1. Can we say Ala199 is surrounded by 24 or more Cβ atoms within 10 Å (Cβ to Cβ) and touching a residue at least 40 places away in the same chain (Cβ under 8 Å)?
2. Quick check on my filter: what residues within segment 126-139 are of a type outside the set (Ser, Thr, Tyr) and either in contact with a Gly (Cβ under 9 Å, 6 or more places away or on another chain) or under 16 Å from Ala181 (Cβ atoms) (or both)?
3. Mind checking which residues of segment 115-145 are under 23 Å from Arg207 (Cβ atoms) and either touching a residue at least 60 places away in the same chain (Cβ under 8 Å) or in a strand (DSSP E or B) (or both)?
4. Which residues, taken from segment 46-92, are aliphatic (A, V, I, L, M) and either open to solvent by 30 Å² or more (accessible area, probe 1.4 Å) or more than 18 Å from Thr122 (Cβ to Cβ) (or both)?
5. So which residues in segment 84-114 are part of a loop (DSSP other than H, G, I, E, B) and either of a type in the set (Gly, Ala, Ser) or without any contact (Cβ under 8 Å) to a residue 60 or more places away in the chain (or both), if there are any at all?
6. Just to be sure I understand, how many residues within segment 146-160 are surrounded by fewer than 21 Cβ atoms within 10 Å (Cβ to Cβ) and not in a loop (DSSP other than H, G, I, E, B)?
7. If I go through segment 232-263 residue by residue, how many of them are of a type in the set (A, V, I, L, M) and in a loop (DSSP other than H, G, I, E, B)?
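The values are calculated or read from the model by the stated rules, or taken from the named source; none is laboratory data. Fair warning: this is a prediction, and the values are worked out from it, not measured in the lab. Note that we place each Cβ from the backbone using ideal geometry, even for glycine, and neighbour counts take in every protein chain shown. For accessibility, only protein heavy atoms count, side chains too; no ligands or nucleic acids. Shrake-Rupley method; radii C 1.70, N 1.55, O 1.52, S 1.80 Å.
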Amino acid sequence: MGRSNRAGRARTEAEPTPAAATRPDGPRADGGRTHAEGPLARPVDSGLAELVPDRDRPRAWSLLVDGAPQSLVDLADPTHLGFEYQRRLGHLIDLAAQPGKPITVLHLGGGALTLARYVAATRPRSRQQVAEIDTALTELVRAELPLERGWQIKVRGTDARAVLERTPEGTVDLVIADVFAGARVPAHCATVEFVTLAARALAPGGRYAANIADGGQLGFARSQVATLRAVFPEVCLVADPAVLRGKRFGNLILAAAQQPLPVEELARRVASDSYLGRIEHGRALADFTAGAAPATDGTAGPSPAPPPGVFR
């Protein structure tokens, strides 16, 4: 679904990953886990983390926590975004500035750091901070799926909202909220107050993006659109048409800004993907909310739990 509201102890991109340095079968020349080593399962702070080798890409791994897909990382190609929601967030990263221009990004939720890797590879010299509260998960990812030296990625072992509260005003080009506790977006990261903090952190021209999950009548998604519209004048939504029709449970990507969003170019990119996607914006998006009220710290609840068997 999406990555958890987990975080790791602060460590700079140049620090070593001790667990990967020496192994019974000798050091790995590439510094990352190989498919020959097979899958791995290890308890972390938020449950059982699993690294499962990708059948189609010889250096790629899926991260699951308690059976829920969190991230897909290709150590040979950090620009590969294999999950549907990651690809859509990747489009927003691509459209955040001119191609290759460094940007400042705040990632709320880390998982296997897939999107941070993507930014570092496509926009060298970008400065990135990640909030990931599960320190054991971050240590596992750094050991088995290490970051390249020189990438300016700092991971903070703190709750996502706490990091957002401490972010200086007007300093971030892109805030990406991919905050999940298990497979649910926690209530305190889905409110007007939370989004207001994100808007405060954005530099002029900056954008906010969020990954959420919902299904059925889409009550949570409708409320989240209303929540963003209470803070930002420009909002759009991207999702599979089947999800928007309530036919299946899945991810929805929200984007928001103080200035007009690149909706036409985003739509073109979404249409070129190998999976179906639809964008709602303007009047259609206002109609989508169906009168839903914005969520506040006093009224919010977490996103719904996925139906049984959705990950099988």
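1. Against the criterion (surrounded by 24 or more Cβ atoms within 10 Å (Cβ to Cβ) and touching a residue at least 40 places away in the same chain (Cβ under 8 Å)), Ala199 does not qualify.
2. Val130, Ala131, Glu132, Ile133, Asp134, Ala136, Leu137, Glu139
3. Of everything in segment 115-145, those that are under 23 Å from Arg207 (Cβ atoms) and either touching a residue at least 60 places away in the same chain (Cβ under 8 Å) or in a strand (DSSP E or B) (or both) turn out to be Leu115, Arg127, Gln128, Gln129, Val130, Ala131, Glu132.
4. Those that are aliphatic (A, V, I, L, M) and either open to solvent by 30 Å² or more (accessible area, probe 1.4 Å) or more than 18 Å from Thr122 (Cβ to Cβ) (or both): Leu48, Ala49, Leu51, Val52, Leu63, Leu64, Val65, Ala68, Leu75, Ala76.
5. Pass one, segment 84-114, residues part of a loop (DSSP other than H, G, I, E, B): 95-103, 109-113.
Residues satisfying the conditions are Ala96, Ala97, Gln98, Pro99, Gly100, Lys101, Pro102, Gly109, Gly110, Gly111, Ala112, Leu113.
6. 1
7. Applying the first criterion (of a type in the set (A, V, I, L, M)) to segment 232-263 yields 235, 237-239, 242-244, 252-257, 261, 263.
If we keep only those that are in a loop (DSSP other than H, G, I, E, B) as well, we get 261.
Looking only at that region, the number is 1.
Every residue, every condition in (1) out of contact with any strand residue (DSSP E or B) (no Cβ under 7 Å at 6 or more places or on another chain); (2) open to solvent by less than 10 Å² (accessible area, probe 1.4 Å), yes or no:
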site: Ala209; (1), (2): no, yes
site: Asp214; (1), (2): no, yes
site: Gln217; (1), (2): yes, no
site: Arg222; (1), (2): yes, no
site: Glu234; (1), (2): no, no
